[in-house]
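The structure appears right after this line, and notes come after that.
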Amino acid sequence: MTNIVLDIQNLHVMRDGKKILDGLNLSITEGSLDAIMGPNGSGKSTLSYVIAGHPNYQVTQGTISYLGQNLLNMSVDERARAGIFLGFQYPIEIPGVSISHFLRLIYNSRSRQLGEKEVDSFTFLKKLKELRLQLGISEDMMSRSLNAGFSGGEKKKLEMLQMVLLRPTIAILDEADSGLDIDALKIVASTINQQRQQSKSIVLITHYKRLLTYTVPDKIHIMSKGKIVKTGNQDLALQLEEKGYDKVIKAPIAGSV
Amino acid sequence: MKSATNPQKEMEKQHKNPVENLIAEKYKYGFVTDIDSDIAPKGLNEDIVRFISAKKNEPSWLLSWRLKAFRLWQTMSEPSWAKLNYAKIDYQDAHYYAAPKVKPDIKSLDQIDPKIRQTYDKLGIPLHEQQQLAGVAVDAVFDSVSVATTFREELAKAGVIFCSISEAVQKYSEIVQKYLGTVVPYSDNFYATLNSAVFTDGSFVYIPPGVRCPMELSTYFRINAAKTGQFERTLIVADRNSYVSYLEGCTAPMRDEHQLHAAVVELVALDEAEIKYSTVQNWYPGDEQGRGGIYNFVTKRGACRGFRSKISWTQVETGSAITWKYPSCILQGDESVGKFYSIALTNHFQQADTGTKMIHLGKKTRSTIISKGISAGKAQNTYRGLVRIQPGADQARNFTQCDSLLIGNMCGAHTIPYIENRNKQSYTEHEATTSKISEEQLFYCQQRGLSAEDAVSLIVNGFCRQVLQELPMEFAVEAQKLLGISLEGSVG
């Protein structure tokens, strides 16, 4: 049956004294693909940051439970090790830290959590090569500094690589499709589809339905002014494309929340 | 503990802590004889200087050199130009001589500050090494002596001289006399002059012409190196076309009851010789409130005396409450090369004023300065450097890069570069950056499952990469761990 992985109830969030999320409800079930769409400033990215535990956001009301645990009591890294992955819209640069070193570090950290053995660098590099080729990432990139001087597409592919290595229970991908050419977009979509086949939950935060033609979500949620205002299927994305957010949000549609 | 009467208890104790028992046993046999008298009375005067020289059975040239230094020192005053703040040092309130095998006041590691022990464990230092570092009396118990002997034999085969400077004064007096004080004269500065008057021991290295030293030299392997004292004096001479890599210190925190350290290191590289000098300094930095800690006033200088001589200084400075240190190169020989790679990390209330001097005298001399300063807590970190190109140094070049990294809002980073170019054919480049570990970098790393401390350590290591890669491999790995440990408690 369908198990609930992430359950958000009546979530209110402030940042710098400003209310950003205003009574948001959202449930994510195991193995589902959910898309969250909405106009700029509706709070989509904030939602992803709050789930990951960014310290600049204050939860003033509501609950988030993750696999039955109170997520709000957990630190950022505890959440990550417990299987929550956030794919960043703008991955952060860390000069001097080589990608392969970083990847092995985070891979082993997650392995420990999963009760698996840490791997030596030889075994890791073998595994890395396999995944790297699937994602079309070149070898010379591995010795470069993390995210430093990368193109938008390279950064997004690297986020995908990290997601696959970390084997998360749920991955929230913030604008995973922005800045990608069509080939890269297909690669990202197929990576997402593979995750789905392994019963991982995926939440896509996106502006456009471009990505959604390659990976069809089970549900589409529309966010406005800090809450989910409509939930539907693929049709909702088509309507958005035709009519724009304003009309769709206001129109009473059957099948909404 | 001294007299174990119950054999069963004795067994248990041995099981629990063999070293402690071994030492207790030695006490039973009166192993430690009456050597207390080998400590000079407190205070500093000419008699003390004579006492030190006599104890070491030194030749008269050295005594008169010491006395000249002492007389000059009495007329000098402590420099105050550094950006350092500390209570005045009472130079009369210290012992200036203690025999190397001072009575051990530590019988086992259990008597060491648990924090230092934790650090040993985190660095993965083997137990017997921990004991040696902590000053536990374990003479001749473990095989370190035989290791050192093998080591010495191999060096002897290559013709390399590596011994304590006291031994060198006895055995190789003419070489010592030829070079001692020629790079750092006894009149150099307040601390170097003090050191010249009262130095008790240190290392001496001589590499004969054409010899590539077959191994990295480290004080760890020098016999009786356990306690060189607070006024260490090191002299390294690389003769024509030779090469040596020397490692000073170790990554483990040194237990030391002396607060003031004033070492002098002199390097001499002749034609086409190369000296690589690496330091990891991790003396006690004081506690989180800034109480205690070592004051480290060091004079290190290398002379590239010949054609294409090369000297490189690589330092990782994470210890000491006060660091005052400017390893320098005098580029006399044409086409000689000087390099300075530095990581200075200060946390809590530590203060560091460190940098280098590159003095270009010869034609086509080149120097490179890469300095990475990291400040956390309420620490102050200053890079102070001088690049001087003299009129005769045609086509000399210098490249300087000073980067500062701040962790938190209470610390400070300062960059004070002096550039004096007196030759129109020569040029210098200077780059400086100051950055902070951003919240977003931390968040990104933590989101991938790394703890806040691991994340900081990773970011700092990335920042220091250029310098770390200059260290010998094994040293670099330990230095990386050390950077992480030194920053503990710097993130909330």
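Can A:LEU128 be described as more than 24 Å from B:GLU439 (Cβ to Cβ), touching a residue at least 12 places away in the same chain (Cβ under 8 Å) and out of contact with any strand residue (DSSP E or B) (no Cβ under 7 Å at 6 or more places or on another chain)? Can you show your working first?
Values: more than 24 Å from B:GLU439 (Cβ to Cβ): yes; touching a residue at least 12 places away in the same chain (Cβ under 8 Å): yes; out of contact with any strand residue (DSSP E or B) (no Cβ under 7 Å at 6 or more places or on another chain): yes.
Here the answer is yes, as A:LEU128 does meet what is asked.
Mind listing whichever residues of the stretch B:320-379 are within 21 Å of B:ALA192 (Cβ to Cβ), part of a strand (DSSP E or B) and of a type in the set (Phe, Trp, Tyr)? Write out each step before concluding.
Quick first cut of the stretch B:320-379, residues within 21 Å of B:ALA192 (Cβ to Cβ) only: B:320-332, B:338, B:340, B:342, B:344, B:351-359, B:361.
Checking the rest, the ones that are also part of a strand (DSSP E or B) come to B:322-325, B:328-331, B:338, B:340, B:342, B:344, B:351-354, B:357-359.
If the condition is that a residue be within 21 Å of B:ALA192 (Cβ to Cβ), part of a strand (DSSP E or B) and of a type in the set (Phe, Trp, Tyr), then B:TRP324, B:PHE340 are the ones that fit.
Is it the case, given these coordinates, that A:GLY115 is within 23 Å of the chain's Cα centre (by Cα) and outside any helix (DSSP H, G or I)?
Working: within 23 Å of the chain's Cα centre (by Cα): no; outside any helix (DSSP H, G or I): yes.
Here the answer is no, as A:GLY115 does not meet what is asked.
Which condition number in (1) away from chain B (no Cβ under 11 Å); (2) touching a strand residue (DSSP E or B) at 6+ places or on another chain (Cβ under 9 Å); (3) part of a helix (DSSP H, G or I) is the one that A:ALA176 fails?
Tallying (1) away from chain B (no Cβ under 11 Å); (2) touching a strand residue (DSSP E or B) at 6+ places or on another chain (Cβ under 9 Å); (3) part of a helix (DSSP H, G or I), A:ALA176 fails exactly one: (3).
Given the options A:LEU211, A:LEU204, A:LEU173, A:LEU240, name the one that is crowded, with 21+ Cβ neighbours inside 10 Å and more than 17 Å from the chain's Cα centre (by Cα).
On the way: A:LEU211 fails: more than 17 Å from the chain's Cα centre (by Cα); A:LEU204 fails: more than 17 Å from the chain's Cα centre (by Cα); A:LEU173 fails: more than 17 Å from the chain's Cα centre (by Cα).
The unique qualifying residue is A:LEU240.
Among residues belonging to the stretch B:435-467 that are farther than 14 Å from B:SER375 by Cα and more than 9 Å from chain A (Cβ to nearest Cβ), point out the one that is surrounded by the most Cβ atoms within 10 Å (Cβ to Cβ).
Among residues in the stretch B:435-467 that are farther than 14 Å from B:SER375 by Cα and more than 9 Å from chain A (Cβ to nearest Cβ), the one surrounded by the most Cβ atoms within 10 Å (Cβ to Cβ) is B:VAL467.
In the stretch A:1-106, which strands (runs of 3 or more DSSP E) lie fully inside it and hold 3 or more residues that are among the polar types (S, T, N, Q)? Outline the logic, then answer.
On the way: elements: A:4-15, A:18-29, A:33-37, A:58-66, A:84-87, A:94-98.
Once the strands (runs of 3 or more DSSP E) in the stretch A:1-106 are filtered for at least 3 residues that are among the polar types (S, T, N, Q), what remains is A:18-29, A:58-66.
Which residues, taken from the stretch A:68-89, are over 22 Å from A:LYS227 (Cα atoms) and more than 14 Å from every other protein chain (Cβ to nearest Cβ)? Step through it out loud before you land on a result.
Initial filter on the stretch A:68-89 (over 22 Å from A:LYS227 (Cα atoms)): A:68-69, A:73-83.
Once the filter is applied, which keeps residues that are over 22 Å from A:LYS227 (Cα atoms) and more than 14 Å from every other protein chain (Cβ to nearest Cβ), the stretch A:68-89 yields A:GLY68, A:GLN69, A:ASN73.
For the stretch A:242-256, check the following and say yes or no: at least one residue is under 25 Å from A:LYS157 (Cα atoms) and touching a residue at least 60 places away in the same chain (Cβ under 8 Å).
Scanning the stretch A:242-256, I find no residue that is under 25 Å from A:LYS157 (Cα atoms) and touching a residue at least 60 places away in the same chain (Cβ under 8 Å), so the answer is no.
If the requirement is being of a type in the set (Asp, Glu), modelled with pLDDT under 95 and within 23 Å of B:SER342 (Cα to Cα), which of these qualifies: B:GLU266, B:GLU248?
None of the other options fit; the residue is B:GLU248.
Tell me, which helices (runs of 4 or more DSSP H) lie completely within the stretch B:79-197 with 1 or more residues that are more than 21 Å from the chain's Cα centre (by Cα), at pLDDT below 75 and under 30 Å from B:ARG291 (Cβ atoms)?
B:114-123, B:127-134
Does the stretch A:146-161 contain at least one residue that is among the polar types (S, T, N, Q) and free of Cβ contacts under 8 Å to residues at least 40 places away in the same chain?
Going through the stretch A:146-161, the residues among the polar types (S, T, N, Q) turn out to be A:147, A:151.
Checking which are free of Cβ contacts under 8 Å to residues at least 40 places away in the same chain leaves us with A:151.
Checking the stretch A:146-161: at least one residue is among the polar types (S, T, N, Q) and free of Cβ contacts under 8 Å to residues at least 40 places away in the same chain.
Within the stretch B:394-416, does at least one residue satisfy the condition of being within 14 Å of chain A (Cβ to nearest Cβ), in a loop (DSSP other than H, G, I, E, B), out of contact with any Ser or Thr (no Cβ under 6 Å at 6 or more places or on another chain) and free of Cβ contacts under 8 Å to residues at least 24 places away in the same chain?
no
Any idea which of A:LEU131, A:LEU103, A:LEU125 is over 20 Å from the mean Cα position of the chain (by Cα) and of a type in the set (A, V, I, L, M)?
Details: A:LEU131 fails: over 20 Å from the mean Cα position of the chain (by Cα); A:LEU103 fails: over 20 Å from the mean Cα position of the chain (by Cα).
After ruling out the rest, the residue left standing is A:LEU125.
Is it the case that A:SER201 is touching a strand residue (DSSP E or B) at 6+ places or on another chain (Cβ under 6 Å) and either within 28 Å of B:GLN441 (Cβ to Cβ) or in contact (Cβ under 8 Å) with a residue 40 or more places away in the chain (or both)?
Considered against the rule, which asks whether it is touching a strand residue (DSSP E or B) at 6+ places or on another chain (Cβ under 6 Å) and either within 28 Å of B:GLN441 (Cβ to Cβ) or in contact (Cβ under 8 Å) with a residue 40 or more places away in the chain (or both), A:SER201 comes out as yes.
I need the full set of residues from the stretch A:33-67 which are within 12 Å of A:ILE20 (Cβ to Cβ), touching a residue at least 40 places away in the same chain (Cβ under 8 Å), within 14 Å of chain B (Cβ to nearest Cβ) and touching a helix residue (DSSP H, G or I) at 6+ places or on another chain (Cβ under 8 Å), in order please.
Those that are within 12 Å of A:ILE20 (Cβ to Cβ), touching a residue at least 40 places away in the same chain (Cβ under 8 Å), within 14 Å of chain B (Cβ to nearest Cβ) and touching a helix residue (DSSP H, G or I) at 6+ places or on another chain (Cβ under 8 Å): A:ASN56, A:TYR57.
All but one of (1) in contact with a strand residue (DSSP E or B) (Cβ under 7 Å, 6 or more places away or on another chain); (2) modelled with pLDDT under 90; (3) polar (S, T, N, Q) hold for A:ASN147; state the number of the condition that does not hold.
All conditions pass for A:ASN147, except number (2).
The values are calculated or read from the model by the stated rules, or taken from the named source; none is laboratory data. Remember, predicted model here, so these are calculated numbers, not experimental data. Reconstructed Cβ throughout: ideal geometry from the backbone, glycine too, with neighbour counts over all protein chains shown.
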